[in-house]
1. Over all residues in B:376-384, what is the mean tally of Cβ atoms on other chains that come within 10 Å of each residue's Cβ?
2. Percent relative contact order of region B:181-274, based on C-alpha pairs within less than 8 angstrom and at least six residues apart?
3. Within 10 Å, count the other beta carbons around each residue, average over each peptide in A:378-389, B:345-356, B:74-85, and list them highest first.
4. Convert each backbone phi in region A:66-78 into a coupling constant with the Karplus relation 6.51 cos²θ - 1.76 cosθ + 1.60 (shift: θ = phi - 60°), then list the ³J(HN,Hα) values in order as whole Hz, x for Gly and Pro.
5. So how far apart, in nm, are the two label points at A:Ile192 and A:Asp211 if each is 7 Å from Cα heading toward Cβ?
6. Sorted by mean Cβ packing within 10 Å, highest first, what order do the peptides A:361-372, A:192-203, A:12-23, B:398-409 take?
7. In sequence order, what are the phi-derived ³J(HN,Hα) couplings for region B:434-443 according to the Karplus relation 6.51 cos²θ - 1.76 cosθ + 1.60 with θ = phi - 60°, rounded to whole Hz, with x for glycine and proline?
8. How big is the shadow of the Cα convex hull of the protein assembly as shown, averaged over all directions, in nm²?
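Bear in mind that the values in this text are calculations on the coordinates, not laboratory data. Treat the numbers as computed from the prediction; the structure is a model and nothing was measured. When we count neighbours, we look across all protein chains shown, and the Cβ atoms used for this are built from the backbone with ideal geometry, even at glycine.
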Number of protein chains: 2
Amino acid sequence: MPHSISKLNYRIIFHLMGLLLLVNGGFIMLSSIVSFVYDDGVGLQMIYSGLTVLAVGTALMLLTRKYSKEMQKREGYLIVTFGWIIMSLAGTLPYVFTGAIPGFTNAFFETMSGYTTTGASILNDIESLPKGVLFWRSVTHWIGGMGIIVLAIAILPLLGIGGMQLFAAEAPGPGGDKLHPRITDTAKRLWIIYVGYTVAETVLLKIAGMDFFDAINHSLSTLSTGGFSTKNASVAFWNDRPMIQYIIMVFMFLAGTNFVLSYFAFKTKFSKIFRDEEFKLYGILIFALTVVAAAFIYFSADPSASGVDHPMVWGEFESAVRHGLFQVLAIVTTTGFVSADYTLWTPFLTIFFFGLMFLGGSSGSTAGGVKIVRHLIMIKNGIIEFRRTLHPNAILPVRYNNRAVQQPIVFNILAFFILYMLSFIVGVLVFSWLGLDFDTALGGAASTLGNVGPALGDLGPTSNYAGLPTAAKWWSTFLMLIGRLELFTVLILLTPFFWRNR
Amino acid sequence: MPHSISKLNYRIIFHLMGLLLLVNGGFIMLSSIVSFVYDDGVGLQMIYSGLTVLAVGTALMLLTRKYSKEMQKREGYLIVTFGWIIMSLAGTLPYVFTGAIPGFTNAFFETMSGYTTTGASILNDIESLPKGVLFWRSVTHWIGGMGIIVLAIAILPLLGIGGMQLFAAEAPGPGGDKLHPRITDTAKRLWIIYVGYTVAETVLLKIAGMDFFDAINHSLSTLSTGGFSTKNASVAFWNDRPMIQYIIMVFMFLAGTNFVLSYFAFKTKFSKIFRDEEFKLYGILIFALTVVAAAFIYFSADPSASGVDHPMVWGEFESAVRHGLFQVLAIVTTTGFVSADYTLWTPFLTIFFFGLMFLGGSSGSTAGGVKIVRHLIMIKNGIIEFRRTLHPNAILPVRYNNRAVQQPIVFNILAFFILYMLSFIVGVLVFSWLGLDFDTALGGAASTLGNVGPALGDLGPTSNYAGLPTAAKWWSTFLMLIGRLELFTVLILLTPFFWRNR
């Protein structure tokens, strides 16, 4: 029986949870150094929280040190989901111990938003936080981004999630039910690129005139497509320094691109990049959407709202293009940085950016959302479905990157999208049941599920999630989590047959 | 070559268009009798418009009388789509000739809304219209409903549209590429039920105290799940006559049920009805949604807005349940009658009814929207997809009414839903580009695409479509048409390969 499921191997699950806590604790200790360097007065509290997490992690690893390496898919789902949850729980300690964020709900929201690279915040005054805590906040994004790269390249394809098998030629093929808990070589190479990009962005931002602390924090936020900023005004703070915004745009674009393609670029295999259908569509979309956004900003937006003045002067034309491109990249890559309040431009652009929250970046990137490759497969399948309607007996497979995509994968992608829309609808209903108004509920559900950050209405780009009722904050964390883990990974744990021991 | 496509048989297409115009003209002549009976002063203009349509129809049939009966699918799509368009064009004449509706755009909107059984109106003062014209307006719904029954039972399954093959055991099976232009016996039997229900509702409404003219018009509107009323306040006009509203509810429920099941009922094959999975889900949904709606109306709605006063008195509890059930039925069956302004109740109920616009009635009914059976298949497939994720090698078909549904049909349904959502998104974007605000654009697209009628914002239940820009009115007619004809039927005509003669 290839599908007989044995008892769950809880030991290895807890062992790996312990390992994750050590990683978590290590990064908290790193943040405490930032506290001491900038003498923000919370260095000791940071160390205490780091030590607590390290102690719990060590205890967990020791208690479960005799574990069997035998793992199947079911352990995989549990490790991924509980891994994200346990990291988010442990990650609250720096906020709680330093008193930087009042209330556990708020602290958990901020940490989950960090690890899921959403970037939604409950902070009213970001700039008043101690530097060590701000750094830790950005680091949660960055660790989350690293986690997503491993997931996308090494884990989710094995778990058979929503067409993740399509990712890239480099990704390991499905090798049956057995899971290898080691991180693949590919993932390691991609991590190096991830680190390299982060360093490069930091250096460039510093050169362009950003403060070093802001530069490193924004780099951590950009590469993870997170969106946490160290400024209350987000990247709009640098509206008079276009170069800073252009640098962030370049790295948002790269962070929303499959990291495997960046790897090809460093290997100078450029033909592989330009033949990649997802990358082509990603590029075309960013270009076309920017043209639309910039045209609307330039010709119809309220100049005072967007910071763009009429009429046709080079500077203002540049401003329209820059803000259009910036917000298109920020939403499509699900980073969620803000250069201007897009809900104040025109009613069309509000709808436009709301719609973009359902797009998502490339597969194999740190971006969230539905993802370009899934849309591409759905469009291709949709066109073919018209042909199938006309010629029911013809066998017409969907082709992607010159290969026929297996039917089950197409099926899985269609089911993923429907589940995504269903999750969105349930998300909206629960939000509005909890008292959110129409725009806020729609925007909030789309933004948290897509891991974007800013939304509409009371959760617009210049606002934050602080004013939500407590229950709505918890609901947001759930939507962020399922969105980040490609729905199936989390939701499968809610099915009865997952737990049936057969 | 089974798929070689010969030249399109335009003669039979035009011949059938002529036949449809004769039907159209005949019903206009019938409406002119109403004009004379009620002496509304436009009898002659009604006769002129009827004669014009009859003349054009006769000419078209004579010119194409030598036609070959050879037809394939392509002719089928053209006949259905152009049939609806030509009916809507000819149907404007009574409005234009009598001057009851100013402007061709408005007249075409009202006729398309009639034939697609949407029920959206551009009329600010319905009650001021001549009775003959009002009757004609209701008749367009009723003819549209008849058309939908033939489509659903006899034509769309052959054209392979969105899982319409699943409909009912009685529906003829796909018989290859050849189309038989005769109306099947099944469709004829269902028409008799349709006529019978219409007569029954008219009699019951008259007995319950409604004016005879209003009774027949509302019956024509109910059975077709249209929604045109002869009163400016729609069915809210009878808020002090609950019996009238309950009668309308019963027939809305029946109109949203597969007519094949009504046929079984008359044959006393009740077990076939209660074993039908779509009917069971339809019944459960109506019940559960009504409980939710009524609870929100009773406990949290603004009493002045819903006409429901607190606290717990029998009469008011009844009122909450009645309005809840009425609006749930009106939206789910896509009839669109209004008993109260649901956008004034609570923010949750606004979102709730907006979401219901994506549900749709049963297959084989006159209701529009996505349809219950498609949701059922999607839910079943979604659940199975989780199992497939866990056991990739197991073959797990979707079962419906105790039969395994063929993969291509499930595929077709998933593709249909995605195309529906895509059409919705494009619909919203175009609306907001034309200047509609957020709520209005979202509601308008959902309502016209689902053939509901009332929407949100400026197009709310107590408002109408008169204030839309001209371009938005045309865009609405397009959305109504593609929604009514199950998307593929119309959109396939926009693909290049449809017209390629190979």
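1. Working: counts 0, 0, 6, 2, 0, 4, 7, 3, 2.
So the per-residue partner count for this stretch is 3.
2. Numbers: 77 pairs, mean separation 25.9, N = 94.
In percent, rounded to a whole number, it is 28.
3. Working: A:378-389: 19.0, B:345-356: 22.3, B:74-85: 20.8.
Result, highest mean Cβ count within 10 Å first: B:345-356, B:74-85, A:378-389.
4. 8, 10, 8, 7, 5, 9, 10, 3, 4, 4, x, 4, 5
5. 3.5
6. Working: A:361-372: 28.3, A:192-203: 17.2, A:12-23: 19.8, B:398-409: 14.8.
In decreasing order of mean packing, A:361-372, A:192-203, A:12-23, B:398-409 become A:361-372, A:12-23, A:192-203, B:398-409.
7. In residue order, the calculated couplings are 7, x, 6, 7, 3, 4, 5, 5, 5, x Hz.
8. Mean orientational projected area (the protein assembly as shown, Cα hull): 42.8 nm².
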